[in-house]
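The values are calculated or read from the model by the stated rules, or taken from the named source; none is laboratory data. In this text, all values refer to a predicted model and were calculated from it rather than measured experimentally. Every residue, glycine as well, gets a Cβ built from its backbone with ideal geometry; the counts of neighbours run over all protein chains shown.
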Amino acid sequence: MKAHGEQQDATRAVLERWEEGTRERRVDEHVGHLPPPTGVEAWRGSGCVTITWQRVEGAVCYLVERAPSPDGPWTVLRRAEHDLVEVAGPPTLDTSREAGGWYRVAALEDVGRRPTSFSDPVEARDGDRSAAVTVRVEASSPVGSLAPVWWMVGSERPGQLLLRDDGFGHDVRAEVLEAYRRAAAIGVTHVRAHCWLDDAFGMVDASGRLTETSALDEVLDLVLASGLRPIVELSFTPSSLATDPAATVFTYRANVSPPADLVRYGELVAQVVRHMIERYGADEVREWAFEVWNEPNLAVFWTGDMAAYFALYDRVARAVKEVDPALRVGGPATAGSGWIAPFLDFVHETDAPLDFLSTHTYGGMPLDLRAQLARVGRGDVPVWWTEWGVSPTHHARVNDGAFGAPFVVRGMKAAQQIAAALSYWVVSDHFEELGRPERLAAGGFGLLTVGNLPKSRWHALSLVAELPSRIVATEVEGDGAGALVDGWAGADAERVDVLVWNGSHDAADAEGRGDLDRTVTVTLEGLEDGEWLLELTRVDRDHASFLEAIAGEDPWPGPEATAALRERAALRVEPAGRTSVVDGGRIEMTVRVPMPGLVRLRARRARSWEA
């Protein structure tokens, strides 16, 4: 292992290359053709402006601008840690110190497009500024079923399972596998990772043929034994097949240049897939999926152009199908929802296989890509967000704090009708692209730290997974309702769970703002008569979040300090009272929800021994 100073220098060099590469995003800047939205309104509340409008048919996203007067100058409404300037849809939120003035909105059929026209400007008007919100739940009125869109999580690269000591005394394999098992316990079924064609597996000889599979088999055996199945990202290029053997990235030196010979690369993919079927059986491998590459619209991950990626996709997707037509294959796995329209045009024109449409976004909500699929006659193809998270930034404090909790729940609710998968990137802070974490609170992407302390985002996902599958009617009204504060409820015969969250859309507010805190009154109606117990669970800066308790200069707290942090990070259930429901009565409870914050109010039938 390198000396600490040398490792830091190497990490800084990789970080500089990564940041340079991500700035070179290739976007489609065609002019859009959709009409502007109607019904645009902007309402001032305590600390925020909520902007609403009517959705436009065919729109994938929207561009919101603000100006001090109806004549401009207009600037795009931007938020920290977002990889897009576009937003998924209404309502959206302006919590900047400049909030107010005039707003206008444009509808776009793809990200990166220049809008044809904007809505007429509207001035922000005074709305409800009471800092109070009401959430009304009708427990006897089902509106749908919970879709477990969190069934997939990310995990950097599979080769990590071949590693043990990370240099700081942590067993990489053991801790990553424990993270997998914990994910399986909350309904995750699949794990996606980069570099299944990594040189580290030692699979490929100088001619580009598959000759050795022991390392690959060991990793697959470990993944399956953990209770998960793989999403096999077919990346990157083995050095023996690369057009540029020196075009490597990250500490594990993934080669991101296009294959020198697409036919040979396709043959290699077919060999790998065929081996998987021979070892694990066709029925098992048909439960997996194969994704072609990772973020080819970023220069850091692909040195070719868009046309070169499309050619790669066509060859690789057909190679998978030639082994077994029932296997699932998809792409383009782009960053920032890029290249979707041209990729689908290519698939339509060439009739290339496409079992799922995959892409990524960070810092914002998933976009509704169904109109793009319908446009090319692929409306039955599911949308998989194979990377999504609160921040696209390595080592960002927002990754460790409470701000991620309302973000995760808002995203899972937003994805229910528009996506088949919303995969959080990643499950564990064991992540080495820019060097391994050198401290516990390193701002890693993981839902769990090195050592598997749960972060607030983990708790949020767990609370979503615990919702009863029958989703019931929920109405939210008041200051910032639907944008800053929202609710989601599920019910069965024994309980009603109500999730209420308070989250800015701008990570610049991650440390909290008093003017965005809200008092929320939750009303439960439609309950059956009887005795009900109330329980409250909180995730915020003071509850179930260890970041605020980190103290001192020790990057890796000792056993006693770690035990205290684990206690601070634990999710707790607080008794919140007992009540009788008679003649269709209702239950009402008021709770303070800070920003950022998430609460779950559970009402459950009292058991006989709890009398």
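Of note:
- Elements of the type strands (runs of 3 or more DSSP E) sitting completely within region 443-548 and holding at least 1 residues that are at positive phi: these cover 470-478, 530-540.
- Test result for D128, under 30 Å from L262 (Cβ atoms) and surrounded by fewer than 22 Cβ atoms within 10 Å (Cβ to Cβ): no
- For L220: the one exception among (1) among the aliphatic types (A, V, I, L, M); (2) at pLDDT 95 or above; (3) farther than 30 Å from P148 by Cα; (4) buried (at least 20 other Cβ atoms within 10 Å of the Cβ): (3)
- None of P454, P406 is surrounded by fewer than 24 Cβ atoms within 10 Å (Cβ to Cβ) and either over 27 Å from A561 (Cα atoms) or of a type outside the set (F, W, Y) (or both) except P454.
- All positions within region 575-589 that are exposed (fewer than 11 other Cβ atoms within 10 Å of the Cβ) and under 25 Å from R538 (Cα atoms): P575
- Subset of region 185-230 [touching a helix residue (DSSP H, G or I) at 6+ places or on another chain (Cβ under 8 Å) and of a type in the set (S, T, N, Q)]: S207, T213, S226
- Restricting region 31-73 to residues that are small (G, A, S) and over 11 Å from V122 (Cα atoms) leaves a set whose member that is surrounded by the most Cβ atoms within 10 Å (Cβ to Cβ) is G45.
- When restricted to residues that are hydrophobic (A, V, I, L, M, F, W, C) and surrounded by 20 or more Cβ atoms within 10 Å (Cβ to Cβ), region 140-173 contains 6.
- For region 60-115, a residue qualifies if it is acidic (D, E), touching a residue at least 60 places away in the same chain (Cβ under 8 Å), out of contact with any Pro (no Cβ under 6 Å at 6 or more places or on another chain) and closer than 24 Å to R397 by Cα, and the qualifying residues are E81, E86.
- Among the residues here, F403 qualifies as modelled with pLDDT of 95 or more and closer than 15 Å to A441 by Cβ.
- Residue check, S141 more than 28 Å from the chain's Cα centre (by Cα), outside any loop (DSSP other than H, G, I, E, B) and of a type outside the set (D, E): yes
- S423, sole failed condition from (1) in contact (Cβ under 8 Å) with a residue 60 or more places away in the chain; (2) under 22 Å from R173 (Cα atoms); (3) not in a strand (DSSP E or B): (3)
- With respect to being among the β-branched types (V, I, T), at pLDDT 95 or above and either more than 18 Å from the chain's Cα centre (by Cα) or loosely packed, with under 15 Cβ neighbours inside 10 Å (or both), T213 fits the description.
- Subset of region 486-503 [over 21 Å from the mean Cα position of the chain (by Cα) and acidic (D, E)]: D492, E494, D497
- Residue in region 141-151 that is farther than 24 Å from G480 by Cβ and touching a Phe, Trp or Tyr at 6+ places or on another chain (Cβ under 8 Å) present: yes
- Pick from region 91-130, criterion of a type in the set (D, E) and outside any loop (DSSP other than H, G, I, E, B), ranking: nearest to E65 (Cα to Cα): D94
- Residue that is farthest from L434 (Cα to Cα) [pool: residues in region 144-193 that are small (G, A, S) and assigned to a loop (DSSP other than H, G, I, E, B)]: A147
- Of the numbered criteria (1) of a type in the set (A, V, I, L, M, F, W, C); (2) more than 24 Å from the chain's Cα centre (by Cα); (3) within 17 Å of A193 (Cβ to Cβ), the one I277 fails is (3).
- Within the set E511, E535, the sole residue that is out of contact with any helix residue (DSSP H, G or I) (no Cβ under 7 Å at 6 or more places or on another chain), surrounded by fewer than 23 Cβ atoms within 10 Å (Cβ to Cβ), within 30 Å of E438 (Cβ to Cβ) and not aliphatic (A, V, I, L, M) turns out to be E511.
- Flag if P121 is buried (at least 20 other Cβ atoms within 10 Å of the Cβ) and either over 22 Å from the mean Cα position of the chain (by Cα) or under 12 Å from R44 (Cα atoms) (or both): yes
- Pairs where the first residue, in region 566-577, is more than 15 Å from A606 (Cβ to Cβ) and the second is at pLDDT below 95 and surrounded by 11 or more Cβ atoms within 10 Å (Cβ to Cβ), C-beta under 7 Å, 6+ apart: R568/F546; R568/A549; A569/S545; A569/F546
- Here the condition is being closer than 25 Å to A465 by Cα, free of Cβ contacts under 8 Å to residues at least 60 places away in the same chain and in the same structural domain as S235 (by TED's automatic domain parsing); of A206, A185, it holds for A185 alone.
- Residue list for region 60-77, restricted to those being among the charged types (D, E, K, R) and closer than 17 Å to R113 by Cβ: E65
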